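All remarks here apply to the structure that follows.
The values are calculated or read from the model by the stated rules, or taken from the named source; none is laboratory data. What you see is a predicted model, and the numbers here were worked out from it, not measured in a lab. All Cβ positions, even for glycine, are placed from backbone atoms using ideal geometry, and neighbour counts span all protein chains on display.
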């Protein structure tokens, strides 16, 4: 056991055990990191390998931390993953991250906007020009807020009073009247939002359906979402909004054996993960190996999925210019660039295999993620799916032929 743990921790970055970049200690990213560490402690191959979740500022700092002597794993949102591998948004200065690797998908998140219960703000449009804490610059919450502002055509004046505030300070500021609204991008129910709603009466503001539909068309990692009635005090009706998926990612230089062991520990102890928070209760293995994995799969994760017959991502979506997904291609697929040489067959399975649309072919020759050969529009016959396949968060399913 000790020899195996030593071999898993052989690189310098793993010498002190496993560290997972998460987020606010009161949030679900931190809870997910704790749950993964508990799963590792229960798995024979990783039981003697120390594991700890690291408190961070969120998805963007988590990815940047993978490229230094920081944590070997990170929990990030799908939109931040996409921008990192594409060199867009706040990653324009650093360029595409060729070393980012996906491991597994975690819980879904939905964008929630809270205002005082007696506020005159009743619609998202009423937030224009308000003291709106829409997430700190550099966080996934702010990335989603800015994406919404763009599709809703908010002007500079509409955004003039946006507040750059840490998520842990928003409850006191909202209840104390220092801000008019606070945004959270989180799994639900969220401990942070529940604590806020318990501190002062609040209500949730809906995101216009046309805005969430436009985001889903332009940016393949978004989809319409609903916060169900009764999730929080003052939340008597369903609240429509926009959502995405979170994922555990790592770097290409983390050894295959380490990543495989971590992946196996999570899936073999999935009950431990589900029990960690209500937001994790409905995690499904077939979605965890496919949904929201924008970066290429790490070979260690791929090795495990193929060994147990789980579905794996099939198609790499490559952005064109500065646009995430072109408006001309519907329903939200954009242009798919597929390299037939990298279409690796799935592990043998007695049933059909689901292929969600917004994922990647796993790591190809020379460990390259960007695929250039062949443009396929959304109506190409290769993109047809089987209607009797199980749904993975309403993803479009793909049926890509294996290589000869």
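Give 247, 211 a once-over and let me know the one that is over 28 Å from residue 297 (Cα atoms) and surrounded by 21 or more Cβ atoms within 10 Å (Cβ to Cβ).
Result: 211 is the single residue among 247, 211 that is over 28 Å from residue 297 (Cα atoms) and surrounded by 21 or more Cβ atoms within 10 Å (Cβ to Cβ).
Would you call residue 259 modelled with pLDDT under 95, touching a helix residue (DSSP H, G or I) at 6+ places or on another chain (Cβ under 7 Å) and either crowded, with 24+ Cβ neighbours inside 10 Å or at positive phi (or both)?
In short, no.
Can you tell me which residue is modelled with the lowest pLDDT among those in region 56-110 that are surrounded by 23 or more Cβ atoms within 10 Å (Cβ to Cβ) and in a loop (DSSP other than H, G, I, E, B)?
58
Here's a check for you: in region 214-235, which residue that is touching a strand residue (DSSP E or B) at 6+ places or on another chain (Cβ under 9 Å) and over 26 Å from residue 104 (Cα atoms) is surrounded by the most Cβ atoms within 10 Å (Cβ to Cβ)?
Step by step, filter region 214-235, then rank; the result is 232.
Condition check: surrounded by fewer than 17 Cβ atoms within 10 Å (Cβ to Cβ) and either modelled with pLDDT under 95 or in contact with a strand residue (DSSP E or B) (Cβ under 8 Å, 6 or more places away or on another chain) (or both). Does residue 50 satisfy that?
yes
List the residue pairs whose Cβ atoms are under 7 Å apart, where the first residue sits in region 164-175 and is within 16 Å of residue 24 (Cα to Cα), the second is modelled with pLDDT of 95 or more and assigned to a helix (DSSP H, G or I), and the two are 6 or more positions apart or on different chains.
Correct list of pairs: 165/173.
Provide a single number: the residues in region 114-131 that are in contact with a helix residue (DSSP H, G or I) (Cβ under 8 Å, 6 or more places away or on another chain), surrounded by fewer than 24 Cβ atoms within 10 Å (Cβ to Cβ) and either at pLDDT below 95 or under 24 Å from residue 213 (Cα atoms) (or both).
3
Cβ-Cβ under 8 Å, sequence separation 6+ or interchain: first residue in region 118-129 and at positive phi, partner in a loop (DSSP other than H, G, I, E, B). Which pairs?
Taking only residues 6 or more apart or on different chains, the pairs are 129/157; 129/158; 129/160; 129/161.
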